1. Are any of the residues in region 204-213 more than 21 Å from the chain's Cα centre (by Cα), in contact (Cβ under 8 Å) with a residue 40 or more places away in the chain and outside the structural domain of residue 99 (by TED's automatic domain parsing)?
2. Name the residues in region 258-280 that are touching a helix residue (DSSP H, G or I) at 6+ places or on another chain (Cβ under 7 Å) and part of a helix (DSSP H, G or I), would you?
3. Give the number of residues within region 129-152 that are in a loop (DSSP other than H, G, I, E, B) and either closer than 13 Å to residue 217 by Cβ or touching a helix residue (DSSP H, G or I) at 6+ places or on another chain (Cβ under 6 Å) (or both).
4. Exactly one condition in (1) surrounded by fewer than 20 Cβ atoms within 10 Å (Cβ to Cβ); (2) over 26 Å from the mean Cα position of the chain (by Cα); (3) closer than 30 Å to residue 112 by Cα is not met by residue 272; state its number.
5. I'm told residue 34 meets every condition in (1) exposed (fewer than 15 other Cβ atoms within 10 Å of the Cβ); (2) touching a residue at least 12 places away in the same chain (Cβ under 8 Å); (3) over 29 Å from residue 100 (Cα atoms) except one. Can you identify the failing condition by its number?
6. Given the residues 337, 360, which is the only one that is closer than 22 Å to residue 267 by Cα and surrounded by fewer than 21 Cβ atoms within 10 Å (Cβ to Cβ)?
7. Considering (1) under 16 Å from residue 258 (Cβ atoms); (2) surrounded by 16 or more Cβ atoms within 10 Å (Cβ to Cβ); (3) out of contact with any helix residue (DSSP H, G or I) (no Cβ under 7 Å at 6 or more places or on another chain), say which one residue 324 fails and leave the rest.
8. Quick one: would you say residue 288 is outside the structural domain of residue 59 (by TED's automatic domain parsing), buried (at least 18 other Cβ atoms within 10 Å of the Cβ), within 16 Å of the chain's Cα centre (by Cα) and at negative phi?
């Protein structure tokens with residue numbers, strides 16, 4: 001059978017059906033708060049999902065993972081996000097920290113952390129952005145100073161998603177003055193003395209974002225991830241996992257799906273907007289699927305992932321605008337209707353979607369430079 005890279009194989013379709021059946025039983029409508037994207041922290045649900053073999057899918061079996069493909073993980077993730085499932089607790093560990101540790105970590109790090117990630121026991125947060133760095137990550141100033149076989153970490157990270165719930169932070173720190181080759185990653189347990197985590201109340205009342213301070217945090221060299229000075233290259237590869245997936249365009253999916261079922265047959269304008277949304281969504285889904293297949297082929301599609309994230313961010317903003325317009329009034333976040341409340345939240349937070357994972361301007365620069373080299 002000759003299938004295009006943007007089609008699912010029969011085995012992938014069977015996995016899709018299996019996940020849908022599980023979610024029908026585990027998350028019946030009304031049994032959980034609906035979420036936009038990866039919001040919602042529920043360690044019990046994460047462990048239940050892990051028992052199905054759907055956390056740590058990409059990790060090797062020798063480290064407790066399941067040796068599944070990037071495409072198979074996409075199939076599972078797509079169904080979770082379509083339901084607005086509470087996946088925040090395990091999300092970052094599953095999506096990027098686990099694969100990064102398996103690729104760059106020491107044998108001791110792999111043996112200690114990866115099986116626990118695959119069981120849904122650990123929650124990771126990513127310490128990258130800083131108050132004075134803006135979108136220029138290479139200008140970060142948080143430092144790790146070496147003292148024999150120990151490291152002393154100082155500085156502040158901001159907009160660190162999920163840090164208040166996390167067990168570990170994978171942080172990027174400056175270890176020399178070289179702009180790009182002077183950065184190193186560290187795996188930091190959140191209960192390490194000197195680590196202070198302060199949730200930031202966001203415009204919609206949530207506090208998923210955090211400010212994380214490191215005040216003379218003492219770590220051993222065994223907590224370093226990868227080679228000294230290799231942090232920039234490692235971080236760039238990590239962003240491929242973050243930018244090119246379906247999570248970058250499915251934040252609004254539950255709202256859109258509900259809205260589509262409520263459109264009167266005679267509302268031609270709404271049907272026209274729904275057609276536009278659907279066509280663009282199908283294109284984005286094909287792009288994300290093709291990126292997953294590139295990852296499975298051993299490639300690092302940095303340029304492609306940047307392009308998808310930029311396109312997806314603009315699409316999500318259009319979705320919010322289309323659905324809100326057809327509501328005919330400003331949605332109320334305190335509404336008893338959970339869909340109206342979710343739409344109101346989306347209107348407030350949608351501008352932030354253009355920042356997470358890289359601003360649109362930065363992504364266009366990454367894509368342009370990548371295409372110019374080809």
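The values are calculated or read from the model by the stated rules, or taken from the named source; none is laboratory data. Just so we're clear, the structure is a prediction, and the values are computed from it rather than from any experiment. Positions of Cβ are backbone-derived with ideal geometry, glycine not excepted, and every protein chain shown enters the neighbour counts.
1. Start the filter on region 204-213 by keeping residues that are more than 21 Å from the chain's Cα centre (by Cα), which leaves 213.
Adding the requirement that they be in contact (Cβ under 8 Å) with a residue 40 or more places away in the chain leaves 213.
The next check asks that each one be outside the structural domain of residue 99 (by TED's automatic domain parsing); those that pass are 213.
Checking region 204-213: at least one residue is more than 21 Å from the chain's Cα centre (by Cα), in contact (Cβ under 8 Å) with a residue 40 or more places away in the chain and outside the structural domain of residue 99 (by TED's automatic domain parsing).
2. From region 258-280, those touching a helix residue (DSSP H, G or I) at 6+ places or on another chain (Cβ under 7 Å) are 258-260, 263, 270, 273-274, 277, 280; that's our starting set.
258, 259, 260, 270, 273, 274, 277, 280, listed by residue number.
3. Qualifying residue count, region 129-152: 4.
4. The one condition residue 272 does not meet is (3).
5. (1)
6. Numbers: 360 fails: closer than 22 Å to residue 267 by Cα.
Of 337, 360, the one residue that is closer than 22 Å to residue 267 by Cα and surrounded by fewer than 21 Cβ atoms within 10 Å (Cβ to Cβ) is 337.
7. That leaves (3) as the condition not met.
8. Values: outside the structural domain of residue 59 (by TED's automatic domain parsing): yes; buried (at least 18 other Cβ atoms within 10 Å of the Cβ): yes; within 16 Å of the chain's Cα centre (by Cα): yes; at negative phi: yes.
So residue 288 fits the description; yes.
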